[in-house]
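Data block below; observations after.
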């Protein structure tokens with residue numbers, strides 16, 4: 001480490017490491033474009049032929065979940081607000097449990113490609129169309145953020161042109177998505193999650209060496225108030241507390257893992273439901289590992305810069321640049337390692353963006369093209385899938401420009417998930433958990449949920465949180481050896497908004513100090529609960545108790561009894577599996593079914609008609 005503000009620069013070895021990561025990712029895409037005869041059908045392209053196994057899918061889920069937003073945003077979050085963010089480890093466990101035991105059984109049993117096909121099966125095509133459009137909007141906005149994030153890192157540590165890096169990210173992702181489909185996405189994710197762990201590890205190991213061990217880092221963090229794991233304040237206006245992270249975080253991330261096409265598409269592509277469930281539980285271990293790396297990186301950053309904060313000293317212009325600044329600072333004498341860290345951030349983006357592009361292509365083909373153009377052959381649908389991947393890649397690159405205006409990456413990303421993901425989670429929960437839900441009730445519910453979450457989300461972006469709600473911890477520049485005014489107290493998690501609100505004196509509306517100051521983690525909770533509550537009321541008023549619902553579209557006792565399912569799988573009992581999945585083998589119950597929305601299907605009639613599925617036939 002050198003003088004304050006004097007960090008190293010990229011050398012040839014750094015560029016080579018970074019370029020090698022890009023080349024390997026592209027080669028994987030080319031390989032799967034031709035392996036096994038290529039992507040002959042839309043199912044091959046979008047679902048990998050439903051032949052995936054648990055471990056690569058689990059690593060893929062981890063890689064796309066832990067994007068560059070995590071690599072850059074989480075260490076900065078811990079550096080400024082403390083290690084309370086580590087409580088998300090509990091949240092992730094709850095999310096995986098809920099997803100695997102509530103949502104996965106229904107989706108996998110129906111053999112769907114797009115999760116929004118379920119909305120047509122359960123309700124009608126209008127509900128499906130509404131859900132599809134909301135997902136497309138959400139995914140394009142979020143993808144813009146995760147493209148912009150590593151470009152910001154590259155611009156900070158290497159001097160690369162910011163928008164040149166944005167375009168490069170989108171082009172590489174679009175290239176291997178368009179060529180190799182879901183298999184390319186999954187296997188590049190497997191490679192990229194290794195790069196992410198390696199990048200974090202090199203920073204952590206070097207930081208431990210610089211500080212003389214783990215104990216000094218923990219001591220500095222303790223005395224600096226960073227080991228603040230527990231805060232049980234129930235105030236919903238507080239940005240982070242035990243309750244906002246556990247309750248709000250569970251709703252937010254269940255909206256991602258439980259019903260979001262980008263995640264669901266991969267685990268329902270597994271060759272059996274057992275493999276699909278295992279992919280989620282194995283993925284949980286990966287989530288914990290990367291969360292641990294990110295949190296400890298933030299603590300190490302604080303230990304190193306506790307007396308000379310680079311942000312307060314204006315060495316960096318935004319908190320999200322702190323992690324690449326640290327990497328280049330402490331790894332300057334190890335050619336190639338700064339490049340490995342930037343490749344780590346870039347890998348997070350490639351994995352997330354590629355998953356998003358593939359999911360966007362899937363919902364466009366399955367929800368917007370296939371139902372209305374039934375004369376198209378599988379070969380034609382395959383080419384259309386590739387064309388939509390190419391088109392969405394271009395759109396996501398363009399949307400990255402909007403991300404540059406959204407301020408803090410982590411909160412902006414989770415806010416988008418909450419505002420749109422909450423109502424989507426609500427509509428799927430209505431269908432799966434409540435037999436009384438009607439098409440009219442579901443539409444009224446999701447419109448009400450989206451309106452409320454959008455209201456509070458936009459209000460919070462415009463007016464910002466109360467200063468006492470965010471509670472950033474103290475930072476110092478006393479060790480920087482120059483005179484400067486610390487400006488950290490003047491900047492919040494959303495610096496772009498702060499600039500707007502501090503340049504002119506204005507009177508905050510009454511709602512700004514309570515409603516608009518709601519923790520961003522509660523956006524999803526609010527949207528979900530309003531959607532479900534209004535949906536149930538509207539359904540009951542529109543004949544919900546009189547309708548007859550196919551039990552295969554609902555969560556049932558056999559789905560929830562995962563011990564029963566696991567024992568049946570271990571015994572290899574096909575008869576029990578048929579009764580659990582309800583559908584006749586079509587072609588193989590164990591391997592999922594074709595989509596009953598577009599293909600004929602028949603119920604299991606091995607029992608007496610009046611007893612099969614628990615309802616009269």
What FRET efficiency comes out for the pair residue 377/residue 515, r = Cβ-Cβ distance, R0 = 51 Å, nearest 0.05?
-> 0.45
Would you mind pulling out the separation of the Cα centroids of the stretch 194-233 and the stretch 290-362, in Å?
-> 14
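What is the fewest-to-most order of 559, 220, 320, 307 by other Cβ atoms lying within 10 Å of their Cβ?
307, 220, 559, 320
List the relative contact order of the stretch 255-383 as a percent without decimals, with contacts defined as Cα pairs under 8 Å and 6+ residues apart. Don't jump to the answer; show the numbers that get you there.
Working: 41 pairs, mean separation 29.0, N = 129.
Worked out over the stretch 255-383, it gives 22 percent.
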Ordering of 73-83, 87-97 by burial proxy (mean other Cβ atoms within 10 Å per residue, highest first) | 73-83, 87-97
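Can you give the extra length, in nm with one decimal, that the chain gains between residue 223 and residue 19 once fully stretched, where that is 0.36 nm per residue apart less the Cα-Cα distance? Spell out each step's value before the answer.
Values: separation 204, 0.36 × 204 = 73.44 nm, distance 4.10 nm.
Net length gain for the segment: 69.3 nm.
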Separation between the residue 554 and residue 90 pseudo-spin-labels, each 7 Å from Cα along Cα→Cβ, expressed in nm?
-> 3.3
Go through 358-369, 527-538, 422-433, 284-295 and give me the packing order, highest mean Cβ count within 10 Å leading.
-> 422-433, 358-369, 527-538, 284-295
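Calculated FRET efficiency, residue 124 and residue 9, Cβ-Cβ r, R0 45 Å, to nearest 0.05? Intermediate results must be reported in sequence, preceding the final value.
Working: r = 59 Å, r/R0 = 1.31.
Approximately 0.15, to the nearest 0.05.
Just subtract the alpha-carbon distance of residue 214 and residue 533 from 0.36 nm times their residue separation and send over the number in nm, one decimal. Show your work: numbers first, answer last.
Working: separation 319, 0.36 × 319 = 114.84 nm, distance 4.88 nm.
Roughly 110.0 nm would be gained on extension.
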Show me 340-350, 206-216, 122-132 ranked by packing, highest mean number of other Cβ atoms within 10 Å first.
-> 340-350, 122-132, 206-216
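Every number here is computed from the coordinates shown, using simple stated rules; none is lab data. Small disclaimer: the values here were computed from a predicted structure and weren't measured. Reconstructed Cβ throughout: ideal geometry from the backbone, glycine too, with neighbour counts over all protein chains shown.
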